[in-house]
Amino acid sequence: MRVNPRELPPRLNKNELPSAIVLSGEEPLLIEESARHIRRSAREKGFADRIPLNAEAGFDWSRLTGSSQTLSLFAERRLIELRLPTGKPGETGTRAFVDYCRDAGEDVCLLVIAGRLDARAKQAKWLRTLEGGGWLVEHRALNTAQFQSWFGQRLRERGLNLDTKTIDRMCHFLEGNLLAAAQEIDRIALFAEPNGQVAPEIVSQGLADHARFNAYAFTGACLNGEARKALRVLKVLRNEGIEPALVSWTLAKDLRTLVRIEQGLRNGDQKGRLFKTHNIWSTRAPLIDSALARLGECELQQLTRQMARCDRILKGRERGEIWQQFEVLALTMCDVHYASGDLNAFNATN
């Protein structure tokens with residue numbers, strides 16, 4: 001069954017854990033916080049043995065079967081936590097999930113952290129099987145009103161008492177990046193007065209730092225195929241006067257990495273080795289995986305040409321509006337197709 005993320009904590013308090021829980025969606029911070037709720041509830045219910053598994057390429061799916069069927073020497077109940085970065089377990093993984101749901105008893109719970117799932121994955125047999133005997137908790141991207149509500153609740157939880165103008169300003173800078181928003185709230189909480197107020201200069205300094213880091217949030221959204229988020233962050237960068245050269249540099253750096261990894265994969269190199277060579281750490285690997293799933297050799301060649309045009313515009317060698325060119329490149333990177341005259345209409349709806 002599907003469970004609204006807001007209903008998860010009270011449901012965990014009232015009910016026994018099901019045989020399976022799947023966490024998915026577009027907000028990694030909210031997914032990880034839900035996972036912490038589940039772990040805590042599992043410990044309180046006697047699931048003292050936690051078995052982490054990571055279903056990367058080459059994963060041995062018999063480990064899932066073995067973990068669910070083998071009796072623990074230290075605890076009677078077990079929480080198996082399986083991360084599925086691609087959201088695609090393949091035929092072998094699907095059979096493993098089906099077998100697990102058929103044989104699972106009350107002493108085991110499977111937590112699958114799948115991240116963002118596309119439309120095809122949401123109809124896949126493995127997900128329908130797990131959802132049929134458990135819970136599917138999907139964290140969708142927050143719209144402006146939802147983000148403001150979440151932000152205000154987060155401030156109250158930290159005991160912070162900020163005026164409406166300051167809150168609106170922070171939301172303007174931080175919308176679309178929950179992790180950065182949560183970190184900024186934690187940061188200013190360190191400087192809060194006993195009454196929960198924070199000096200304006202403390203808030204301003206953090207927002208200035210965030211504006212610089214937003215260039216990475218923009219490229220991250222492009223890699224992950226999140227067109228609306230990418231354009232929203234790009235608008236913030238432009239409005240706050242961030243140098244276009246910084247945006248161009250971060251885009252070019254990630255694009256070069258994608259091209260080299262895609263070439264390596266076509267040449268038969270192992271993905272893990274390529275990721276290590278190009279310093280792709282675990283936190284960024286899902287973004288690269290997402291981009292490689294959408295973008296092949298032809299698409300990357302097109303992006304390279306568009307990136308070269310950005311460079312020429314920045315250097316004055318070609319006429320053009322650089323921020324509009326960034327929008328074009330972002331939509332191409334997210335595999336969003338549009339007619340050249342429809343760009344303004346696309347922006348107006350986002």
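For Glu138, the conditions (1) within 30 Å of Arg232 (Cβ to Cβ); (2) of a type in the set (Asp, Glu); (3) part of a helix (DSSP H, G or I) are fulfilled apart from (3).
I'm checking my understanding of the structure. Among residues of region 99-126 that are hydrophobic (A, V, I, L, M, F, W, C) and within 19 Å of the chain's Cα centre (by Cα), which one is farthest from Gly66 (Cα to Cα)?
To start, the set of residues in region 99-126 that are hydrophobic (A, V, I, L, M, F, W, C) comprises 101, 104, 108-114, 117, 119, 121, 124, 126.
If we keep only those that are within 19 Å of the chain's Cα centre (by Cα) too, we end up with 111-114, 117, 119, 121.
Details: Leu111: 15, Val112: 16, Ile113: 19, Ala114: 21, Leu117: 26, Ala119: 31, Ala121: 25 Å.
In this case the residue turns out to be Ala119.
Taken together, the residues in region 169-208 that are surrounded by 12 or more Cβ atoms within 10 Å (Cβ to Cβ) and charged (D, E, K, R) amount to 4. If the condition is being in contact (Cβ under 8 Å) with a residue 24 or more places away in the chain and either among the aliphatic types (A, V, I, L, M) or assigned by TED's automatic domain parsing to the domain that holds Arg116 (or both), then region 264-300 contributes Leu265, Ala285, Leu287, Ile288, Ala291, Leu292, Ala293, Leu295, Leu300.
Pick from Ala20, Ala55: which is modelled with pLDDT of 85 or more and more than 27 Å from Trp281 (Cα to Cα)? Reasoning before the result, please.
On the way: Ala55 fails: more than 27 Å from Trp281 (Cα to Cα).
Result: Ala20 is the single residue among Ala20, Ala55 that is modelled with pLDDT of 85 or more and more than 27 Å from Trp281 (Cα to Cα).
Any residue that is touching a Ser or Thr at 6+ places or on another chain (Cβ under 8 Å), acidic (Asp, Glu) and not in a loop (DSSP other than H, G, I, E, B) - is there at least one of those in region 110-133? No: region 110-133 contains no residue that is touching a Ser or Thr at 6+ places or on another chain (Cβ under 8 Å), acidic (Asp, Glu) and not in a loop (DSSP other than H, G, I, E, B).
With in contact with a strand residue (DSSP E or B) (Cβ under 9 Å, 6 or more places away or on another chain), assigned to a loop (DSSP other than H, G, I, E, B), among the hydrophobic types (A, V, I, L, M, F, W, C) and closer than 30 Å to Gly225 by Cα as the only criterion, which of Phe47, Phe59 stands out? Break it down into steps so the answer makes sense when it comes.
Details: Phe47 fails: closer than 30 Å to Gly225 by Cα.
Exactly one of Phe47, Phe59 is in contact with a strand residue (DSSP E or B) (Cβ under 9 Å, 6 or more places away or on another chain), assigned to a loop (DSSP other than H, G, I, E, B), among the hydrophobic types (A, V, I, L, M, F, W, C) and closer than 30 Å to Gly225 by Cα, namely Phe59.
Flag: Asp269 does not match the condition of being touching a Lys or Arg at 6+ places or on another chain (Cβ under 9 Å), modelled with pLDDT of 90 or more, surrounded by fewer than 16 Cβ atoms within 10 Å (Cβ to Cβ) and not hydroxyl-bearing (Ser, Thr, Tyr).
If the condition is being in contact (Cβ under 8 Å) with a residue 60 or more places away in the chain and assigned to a helix (DSSP H, G or I), then region 1-10 contributes Pro5, Leu8.
Residues that are of a type in the set (Lys, Arg) and part of a strand (DSSP E or B) were ranked within region 75-98; the one that is farthest from the chain's Cα centre (by Cα) is Arg78.
The values are calculated or read from the model by the stated rules, or taken from the named source; none is laboratory data. None of the values given here were measured: they were computed from a predicted structure. Note that we place each Cβ from the backbone using ideal geometry, even for glycine, and neighbour counts take in every protein chain shown.
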